[in-house]
Amino acid sequence: MKRELKFLLDKFRAWENIQPLLVDNDEICVIINYLNDSNIESIQDIENEYIQNVFVFKTEEKSFKIEKTREIIEKASIKPSWSFNIFIIEEIDKFTDQAGNSLLKVLEDVPKWIIFLLTSNSKENIIETITSRILFFSTNSTIYELNDEIKAKIDNFFRGSKNEFISYIFSSKIEKSEYLAILYYIKERLKESDQDALIYKLIEESIQNIYSTNANAKWIVDMVVLSLK
C-alpha cells in the first residue's frame, strides 16, 4: 500500500473527512482489509458476501441513471450504528453529466462516517466536475514518469545550475500528477545530497498534502524548491 494512501486511511480512522479515492479493483480489497481487519481476496467476494458496512453501486447499463445517484445520496445521509461505511462505486466514468452533477454535494462534503472508493475504465471519460473532487490512486492515474529532460533539469539544480529548473517550475503549465512525480524525484535526489533532514520531511509532508487536500500543487512545489539550498 502506498504510504500516502495509508496516511489518508489513518486520517479516516481518526474520524476526519477525506475526499473520494479513485483506486484499482485490487486496491479496494487492500483498503477494506486494512479498515475492517478482514481477509477479502477479490471484489467478487465483496459482491457475493454480505459485509455490513460495505455498499457496492454499479450498473450493467451504458450509464448510471439518476435513480442510482439518488440511492447513493439517500444511503450516504444515514449515519450507521457502527463506526463507518465503505461506499464502492464501480465505473465512475459511466456517470452522465446529469447523474454526476446530482452527486456533487455528497462528493464535496463527504460525511465523516463514509469513505468513497471509486473505480474507472478510463480516467479521461470521467466528467470534469467529478474529476476535480476526487483523489487519484489508481495505477494509470497516479504514476507519472518524468522524462529525461525534466530529470536533467533537477539533476543540474542539485549540481548548482538552478536557473533552468526554477524557470521551468515557475513558468510552465504542469499537471498535478507531474508535480507529484517531481517531488518524488527530488526526494530521491535528497538522499544523495547534504540537504537538511527537515527539507526531506517537508517533501514528504508536501506529497501528503497534495494527495489529501485540495491544496494548490504549484504553490506547494514552488515553496519546496525555494526551500532547497
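The values are calculated or read from the model by the stated rules, or taken from the named source; none is laboratory data. Nothing here was measured: the structure is a model prediction, and the numbers come from that model. Note that we place each Cβ from the backbone using ideal geometry, even for glycine, and neighbour counts take in every protein chain shown.
Quick test for you: out of ILE86, ILE31, ILE40, pick the one residue that is modelled with pLDDT of 85 or more and within 14 Å of the chain's Cα centre (by Cα).
Just one listed residue meets the conditions, ILE31.
Could you check, for the stretch 183-192, whether at least one of its residues is at pLDDT 85 or above, surrounded by 15 or more Cβ atoms within 10 Å (Cβ to Cβ), closer than 28 Å to ILE28 by Cβ and touching an Asp or Glu at 6+ places or on another chain (Cβ under 6 Å)?
Scanning the stretch 183-192, I find no residue that is at pLDDT 85 or above, surrounded by 15 or more Cβ atoms within 10 Å (Cβ to Cβ), closer than 28 Å to ILE28 by Cβ and touching an Asp or Glu at 6+ places or on another chain (Cβ under 6 Å), so the answer is no.
How many of the residues making up the stretch 26-49 are closer than 14 Å to ILE86 by Cα and either in contact with a Gly (Cβ under 9 Å, 6 or more places away or on another chain) or in a helix (DSSP H, G or I) (or both)?
Residues that pass the stated criteria total 13.
Here's a check for you: in the stretch 54-105, which residue that is among the polar types (S, T, N, Q) and over 20 Å from GLU128 (Cα atoms) is surrounded by the fewest Cβ atoms within 10 Å (Cβ to Cβ)?
Here the answer is SER81.
It is to be established whether one or more residues within the stretch 150-163 are of a type outside the set (Gly, Ala, Ser) and modelled with pLDDT under 80.
No, because not a single residue in the stretch 150-163 is of a type outside the set (Gly, Ala, Ser) and modelled with pLDDT under 80.
Return only the number of the condition from (1) at pLDDT 85 or above; (2) in the same structural domain as GLU27 (by TED's automatic domain parsing); (3) among the polar types (S, T, N, Q) that SER138 does not satisfy.
Single failed check for SER138: (1).
Among (1) of a type outside the set (S, T, N, Q); (2) at pLDDT 90 or above; (3) under 22 Å from GLU128 (Cα atoms); (4) touching a Lys or Arg at 6+ places or on another chain (Cβ under 8 Å), there is one condition ILE18 misses while meeting the rest; what is its number?
Result: ILE18 passes all but (2).
If you scan the stretch 45-78, which residues turn out to be more than 21 Å from ASP97 (Cβ to Cβ) and of a type in the set (Gly, Ala, Ser)?
Of everything in the stretch 45-78, just one residue is more than 21 Å from ASP97 (Cβ to Cβ) and of a type in the set (Gly, Ala, Ser), namely SER77.
Is there any pair with a first residue in the stretch 156-179 that is touching a residue at least 24 places away in the same chain (Cβ under 8 Å) and a second that is hydroxyl-bearing (Ser, Thr, Tyr) and surrounded by 11 or more Cβ atoms within 10 Å (Cβ to Cβ) whose Cβ atoms are under 8 Å apart and which are 6 or more apart or on different chains, and what are they?
What qualifies is PHE158/SER193; GLU175/TYR144; SER177/SER141; SER177/THR142; SER177/TYR144; GLU178/TYR144.
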